[in-house]
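Student: Below: one structure in structure tokens.
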Amino acid sequence: MNRMQSWAAAIAVVLGLPSTAAIALDGAVVYQDVCGRCHGLLEEQSWKRFLPKDGTPAELAVVLPQGPTLNGIIGRPVGIIEGYSYSNAMRAFAETGAVWDRETLDKFLTNSRRFVKGTVMIVKLDEVERASVLDYLEKVARYKN
């Protein structure tokens with residue numbers, strides 16, 4: 001049982017709910033806990049904003065995201081963040097014309113390395129976590145060309 005499920009189970013007991021399945025996770029919290037560590041916070045600013053690590057002072061490199069921004073991820077073509085050095089696997093996936101829609105993200109977040117063989121990202125979210133993150137991203141991170 002992961003940390004989010006443990007909290008949900010504790011809340012269910014306190015509230016007298018029949019099961020943790022009845023509790024929907026807060027997608028913003030799951031995003032921050034799981035995704036935000038590497039992809040940074042979601043902002044209202046343009047999805048094109050990305051601060052490359054090249055030439056960045058060492059003290060700032062720690063606070064910069066390791067992965068590309070997820071601002072505007074829903075509906076965005078794969079692999080188009082300028083200044084980000086994608087893995088060979090992700091570049092090959094981008095060449096297929098893939099788009100980060102709900103279905104594609106759901107498959108990727110189920111098991112990233114199975115869905116895009118060779119990706120450096122390692123993520124496996126359970127069904128409840130995926131749904132909460134995807135609901136959140138659909139609300140706050142739609143692609144605007």
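The values are calculated or read from the model by the stated rules, or taken from the named source; none is laboratory data. A quick note: this is a predicted structure, and the numbers were derived from the prediction, not measured. So basically every Cβ, Gly included, is an ideal-geometry build from the backbone, and we count neighbours across all protein chains shown. The area values use the complete protein model at the heavy-atom level, side chains included, leaving out ligands, DNA and RNA. Shrake-Rupley method; radii C 1.70, N 1.55, O 1.52, S 1.80 Å.
Student: Answer yes if at least one residue in segment 57-75 is loosely packed, with under 15 Cβ neighbours inside 10 Å and at pLDDT 55 or above, and no otherwise.
Tutor: So far as segment 57-75 goes, yes, one or more of its residues are loosely packed, with under 15 Cβ neighbours inside 10 Å and at pLDDT 55 or above.
Student: Moving to a separate point now. Collect the residues in segment 18-30 that are of a type outside the set (G, A, S), open to solvent by less than 70 Å² (accessible area, probe 1.4 Å) and modelled with pLDDT under 90, keeping them in residue-number order.
Tutor: Across segment 18-30, the qualifying residues are T20, I23, L25.
Student: Okay, moving on. Given the criteria under 14 Å from H39 (Cβ atoms) and outside any helix (DSSP H, G or I), does V123 qualify?
Tutor: In short, yes.
Student: Right, another one. Condition check: in a loop (DSSP other than H, G, I, E, B) and farther than 20 Å from V34 by Cα. Does G97 satisfy that?
Tutor: Yes.
Student: Do we find that K139 is under 20 Å from V29 (Cβ atoms), outside any helix (DSSP H, G or I), open to solvent by 20 Å² or more (accessible area, probe 1.4 Å) and at pLDDT below 95 in this structure?
Tutor: Values: under 20 Å from V29 (Cβ atoms): yes; outside any helix (DSSP H, G or I): no; open to solvent by 20 Å² or more (accessible area, probe 1.4 Å): yes; at pLDDT below 95: yes.
No: the conditions fail for K139.
Student: Next up: Look at segment 76-85 and say how many of its residues are under 17 Å from the mean Cα position of the chain (by Cα) and open to solvent by 30 Å² or more (accessible area, probe 1.4 Å).
Tutor: 4
Student: Look through segment 94-136, keep the residues that are in contact (Cβ under 8 Å) with a residue 12 or more places away in the chain and among the basic types (K, R), and return whichever of them is least open to solvent (accessible area, probe 1.4 Å).
Tutor: Here the residue is R130.
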